[in-house]
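Below you'll find the structure I mean.
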2 protein chains.
Amino acid sequence: MLELAILGFLYDTPLHGYELRKRITALTGHVKPIAESTLYPAIKRLEKAGLLERATEPGSVAAPRHVLTLTEDGRHELRRRLAEPAQRDITDENRWFTLLAFLRHLEDAPAQAAVLRRRLAFLEEPASFFYEGDRPLSAEELDDPFRRGILTIARATSRAELSWLRDTLASLDG
Amino acid sequence: MLELAILGFLYDTPLHGYELRKRITALTGHVKPIAESTLYPAIKRLEKAGLLERATEPGSVAAPRHVLTLTEDGRHELRRRLAEPAQRDITDENRWFTLLAFLRHLEDAPAQAAVLRRRLAFLEEPASFFYEGDRPLSAEELDDPFRRGILTIARATSRAELSWLRDTLASLDG
DNA sequence: CAACAATACATCGGTCACGAGGTATAGAGA
DNA sequence: TCTCTATACCTCGTGACCGATGTATTGTTG
């Protein structure tokens, strides 16, 4: 997911690591902060894989910067990751939101719609967090107020997202 | 989080690894599946730390089972992790839901309320995923339909959770 | 003028997680 | 009889991520 965010931000414009870090922090930092010691090795991985190139520039304020630019391979790889996300990226809300944040880079409405439809299919499956045998339990059937909360919140999220997904799919298809 | 789920399930009753895995899969598997190769080492870690003990029983169907029982240290450790969660466990919905699923084991209403209040404080902070300078942007200000979706869904979740939190805190306090 | 914060990058050791694969038993279906 | 599925546990290599720590430079604040 971190790699997707790096590729996604650099797709628009070259950035140096520090600026990239600030953008990633703004995007997902309030939920899941990214440590510097995670970002810099991730940049190195992507560089080693030929997805980005670095150019050293004198720092405008302090130390010299490494300006990062996506290669053509990098641009292609981002589109690939957006078009063919792992199932994890569909089901885990953190990953899904990161994917959504850059989905516009896909630039192909049917491909975008196909990704949204995978999320739609996931949300339409009858799933719960709590079961009696195989039967999913509803919030009303739980005594535990905290577990009831999980289902209440999850249901509200799911409803809002389903309605957004259907609207957006309609406008992508239409 | 995996460790919290293990401790949480074993707090109620001793279980063997395979059954534990099924319960964890039911709880969070549709969002974030847990591999066997993650579960068994985690059990070993907890055993090594003295938080649980294993007893070998002949398998009812096939191979022999290792029935896992929490030690007194393990029971104490679960309560500690529930009462003093890391900030991560408060902000990341996956982690937060796992914590909520076992919060009833805290058995002390003021301690439960204190945890809920940490989540409340987090949700009341004005945070977005997208900014113009320092100002958080609202869904209406975004052109990108996918980014607008993120904010729409996050806002619906937040509203539902705030209302649930306030109700539940009122009943815990009253 | 000294201390501190912000900019900018990096390494190191350790933990956690995953996929691929392995071992073994028992019952069900072809 | 053979294969398949379910039960039940395990190891190994790899990679992701974190906290702690280090190195510079510049601007701000007391």
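Where in the range B:8-33 does the label zone of B:HIS105 land, with the point 7 angstrom along Cα→C-beta and an amide N cut-off under 18 Å?
It comes to B:8-29, nothing else.
Take the rotation relating chain A to chain B, measure from its axis to every Cβ in chain A, and name the nearest residue with the distance in whole Å.
Rotation axis A onto B, closest Cβ, rounded to whole Å: A:THR157, 2.
If the viscosity is 1.002 mPa s and the temperature 20 °C, what Stokes-Einstein diffusion coefficient in µm²/s follows for the range B:50-136 when Rh is the Kirkwood radius over Cα pairs?
Stokes-Einstein gives a translational diffusion coefficient of 135 µm²/s.
State, as an integer percentage, the relative contact order of chain A based on alpha-carbon contacts under 8 Å between residues 6 or more apart.
Relative contact order here is 19 percent.
Taking all pairs of distinct Cα atoms, average 1/r, flip it, and tell me the Kirkwood hydrodynamic radius of the protein assembly as shown in Å to one decimal place.
22.3 Å
Mind checking the angle between helix A:17-28 and chain A's longest principal axis? C-alpha axes, 0 to 90 degrees, to the nearest 10.
For A:17-28 against chain A, the angle is about 10 degrees.
Stretch A:GLU84-A:GLU19 to full length: gain in nm at 0.36 nm per residue minus the Cα-Cα span?
Once the chain is fully extended between A:GLU84 and A:GLU19, it gains 20.6 nm.
While we're here: Test of understanding: in a Gaussian network model of chain B with alpha carbons linked when under 10 Å, which of B:GLU36, B:GLU125, B:GLU72 would top the mean-square fluctuation ranking?
Result for chain B, Cα springs under 10 Å: B:GLU125 fluctuates most.
Have a look at the range B:132-174 and report residues whose accessible surface goes down by 50 Å² or more when the remaining protein chains are included, against the chain on its own, probe 1.4 Å, ligands and DNA/RNA excluded.
B:PHE146, B:ARG147, B:ILE150, B:ILE153, B:TRP164
Counting Lys and Arg as +1 and Asp and Glu as -1, what is the net charge of the other residues whose Cβ lies under 12 Å from the Cβ of A:LEU10?
Net of charged neighbours comes to -3.
Given B:LEU151, B:GLY74, B:LEU162, which one lies farthest toward the positive end of the charge dipole of the range B:41-174, if we put +1 on the Cβ of every Lys and Arg and -1 on the Cβ of every Asp and Glu?
Farthest towards the positive pole: B:GLY74.
For the range A:108-173, with every protein chain kept in place, what is the accessible area per residue (1.4 Å probe, Å²)?
Computed with neighbouring chains in place, this is 51 Å² per residue.
How far, in nm to one decimal, is B:LYS22 from itself in the other copies if the label point is set 7 angstrom along Cα toward Cβ? Shortest first, please.
Label-point separations across copies, in nm and ascending: 5.4.
Is the shape of the range B:1-149 best called rounded, prolate or oblate, per the rule: a/c under 1.5 gives rounded, else a/b larger than b/c gives prolate, else oblate, with a ≥ b ≥ c the square roots of the Cα gyration tensor eigenvalues?
Prolate is the answer for the range B:1-149, as a/c is 1.5 or above and a/b outweighs b/c.
Between B:ALA170 and A:LEU169, what is the FRET efficiency for a Förster distance of 41 Å, r being their Cβ-Cβ separation, to the nearest 0.05?
0.55
How big is the charge dipole of the protein assembly as shown about its Cα centre, in debye rounded to the nearest 20, if each Lys and Arg gets +1 on its Cβ and each Asp and Glu gets -1 on its Cβ?
Result for the protein assembly as shown is approximately 540 debye, rounded to the nearest 20.
Quote the total accessible area buried by chains B and A together, excluding ligands, DNA and RNA, probe 1.4 Å, nearest 100 Å².
Interface area, both chains combined: 3700 Å², rounded to the nearest 100.
Sticking with this structure for a sec: Can you give me the Kirkwood hydrodynamic radius for the range A:1-72, using every pair of distinct Cα atoms, in Å to one decimal?
12.3 Å
What are the nm distances, shortest first, from A:TYR11 to its equivalents in the other copies, labels at 7 Å along Cα→Cβ?
4.2
Additional query: In whole angstrom, note down how far apart the Cα centers of the range B:56-75 and the range A:1-72 are.
47 Å
The values are calculated or read from the model by the stated rules, or taken from the named source; none is laboratory data. Keep in mind it's a predicted model, so treat the numbers as computed, not measured. For neighbour counting, all protein chains shown are included, and Cβ atoms are generated from backbone atoms with ideal geometry for every residue, glycine included. The accessibility values were calculated without ligands, DNA or RNA, using every heavy atom of the protein model including side chains. Shrake-Rupley method; radii C 1.70, N 1.55, O 1.52, S 1.80 Å.
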